[in-house]
Amino acid sequence: MKTVRVDLHERGYDIRIGNGVEPGASLAGEPSRRALVVSDAVVDPLYGDRCERALRTLGHVVTRVVVPAGEETKSLDRLGELYAAAAAAGLDRRSVIVALGGGVVGDLAGFAAATYMRGVRFIQAPTSLLAMVDSSVGGKTGINLPQGKNLVGAFHQPIEVAIDLNTLATLPEVEYRAGLAEVVKYGVIWDATLFDRLEADADRLAARDAAALTAVVARCCEIKAEVVAMDERESGVRAILNFGHTLGHALETADGYGVWLHGEAVAVGMAYAAELSVRLRSFPEGTRDRLVDLLRRWGLPVSPAAKGTAPEWAALRRAMGLDKKSMDGQARFVLAEKMGSVVFGCAVEDGALADAYREWTRKASDQ
Ligand SMILES: NC(=O)c1ccc[n+]([C@@H]2O[C@H](COP(=O)([O-])OP(=O)(O)OC[C@H]3O[C@@H](n4cnc5c(N)ncnc54)[C@H](O)[C@@H]3O)[C@@H](O)[C@H]2O)c1
Ligand SMILES: [Zn+2]
């Protein structure tokens, strides 16, 4: 087992990563607490009993709530149901909400925890690769509105992140690969050595080899923890975590939700950002090619046309203007200088964005 500390002073916490890791370590020594375990209809039957048992063994009183699986669950209606369940279970200020599942459950249950009784503690027990390396760490919680994704939310750090790598055994292949896209992101934005390791271990990681995964998931959590500790509320450097996400989010919006998995859209967005970085910064073409090759090796898309025809640039540009992270309608990009090093907040002229998009779409579809 590996432990990574998220150093946020009084809001600091441990991320424990390993096979068979169970939630609840942060409650050790406390008297009996009420715990509300939130999971989805896919994950609860697989891991709900184990989670409940672990908390009961520590002496806590456990209530389970199961929400439907899928992005639609990050809604006001489901949030209302969680509040009702919390009240029915008799949660008080000392109670804890446990999010057992992927990023959807983490964001929804985390936001419920951030707001119920003005905030109760919560534990992240992520079961998707994306949730393990990204959404469970850093304290961003929230739900979607019909008007847009993640429009309502709060920063609320968990008191513990418990990553049981065994749960990845049941994660569908496409979800697993989409999670690998976020893993690649950490190599590009922060750690060239991690990227080397991903290339060297690409086959073992594709096969979900336990030792390779432990090292890589732990390194990604370390990087996320470090970035979050520098900028908890995303006023600066935390923006680098959005590498590949400007175009990625626009693809998700333009093609309609449900067409792209988030990680797939991010894979295309990273390839595009790498192309932009070649054109506008000193990013070497050979390094862009290494990134594209690794994504392809894992069966991830790199072309905006991967789901049929590539969306028109105008539609993507419009979607970028609506993005929460744009400023005055101007899309902001994270661009790479070299492997492991990026700059954020880059305003790029519309013409340059459009040219790179057309050229990249052509290049990526040709190969
Ligand atoms: N808070 C943040 O910082 C942050 C960061 C990135 C993404 N997100 C959010 O995370 C969400 C995406 O997360 P996700 O990709 O985990 O999606 P998800 O929670 O929908 O999980 C994907 C699918 O895999 C299933 N699943 C999860 N774990 C499983 C397991 N071990 N075995 C079998 N099936 C399993 C789920 O039931 C679901 O059907 C989005 O809503 C996104 O906005 C949040
Ligand atoms: Zn992402």
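Taking amide H as placed 1.01 Å from N in the peptide plane, the amide H of Ser303 sits under 5 Å from none that are at least 5 places away or on another chain. Extending 7 Å from Cα along the Cβ direction at Ala206 and again at Met117 yields two label points whose distance is 5.0 nm.
Charging the Cβ of each Asp and Glu at -1 and of each Lys and Arg at +1, and nothing else, the dipole of the chain about its Cα centre rounds to 580 debye. Amide H contacts of Val98 (H built 1.01 Å from N, in plane; Pro and chain starts excluded): Leu36, Val37, Val38, Ile123 sit under 5 Å, all sequence-distant by 5 or more or on other chains. Here the extension length gained between Asp92 and Ala28 equals 21.2 nm, from 0.36 nm per residue of separation less the Cα-Cα distance. Averaging the sequence gap over all C-alpha pairs within less than 8 Å and six or more residues apart, then dividing by the number of residues, gives segment 155-222 a relative contact order of 31 percent. A cut-off of 5 Å between modelled amide H atoms, ignoring neighbours fewer than 5 places along the same chain, links Lys140 with His156. Peptides 66-74, 124-132, 168-176 ranked from most to least packed give 124-132, 66-74, 168-176, packing being the mean of other C-beta atoms within 10 angstrom over each peptide's residues.
Using the Karplus relation 6.51 cos²θ - 1.76 cosθ + 1.60 with θ = phi - 60°, the per-residue 3J(HN,Hα) values for segment 250-265 come to 5, 5, 4, 6, 5, 8, x, 4, x, 6, 9, 6, 3, x, 5, 4 Hz, with x marking Gly and Pro. Remark: segment 27-42, residue by residue, has Karplus-estimated 3J(HN,Hα) of 9, 4, x, 7, x, 4, 10, 8, 10, 10, 9, 9, 9, 10, 5, 8 Hz, where x stands for each Gly or Pro and the curve is 6.51 cos²θ - 1.76 cosθ + 1.60 at θ = phi - 60°. In a reduced charge model with +1 at each Lys and Arg Cβ and -1 at each Asp and Glu Cβ, segment 1-83 shows a dipole moment near 320 debye about its Cα centre. Projected label points at Val259 and Val174, each 7 Å from Cα along the beta carbon direction, are separated by 1.4 nanometres.
Which entries of Lys149/Lys363; Lys307/Lys363; Lys224/Lys307; Lys338/Lys363; Lys149/Lys185 show an alpha-carbon separation above 25 angstrom in the structure shown? Over 25 Å Cα-Cα: Lys149/Lys363; Lys224/Lys307.
Scoring 340-352, 252-264, 223-235 by mean Cβ neighbours within 10 Å over their residues and listing the highest first yields 252-264, 223-235, 340-352.
Residue-wise HN-Hα couplings along segment 104-116, as the Karplus relation 6.51 cos²θ - 1.76 cosθ + 1.60 with θ = phi - 60° gives them from phi, are 5, 5, x, 5, 5, 5, x, 5, 4, 5, 5, 10, 5 Hz; Gly and Pro carry x.
Bear in mind these aren't lab numbers, they're just calculated from the coordinates by the rules spelled out. Just so it is clear, the model here is predicted, and its values are computed rather than measured. Positions of Cβ are backbone-derived with ideal geometry, glycine not excepted, and every protein chain shown enters the neighbour counts.
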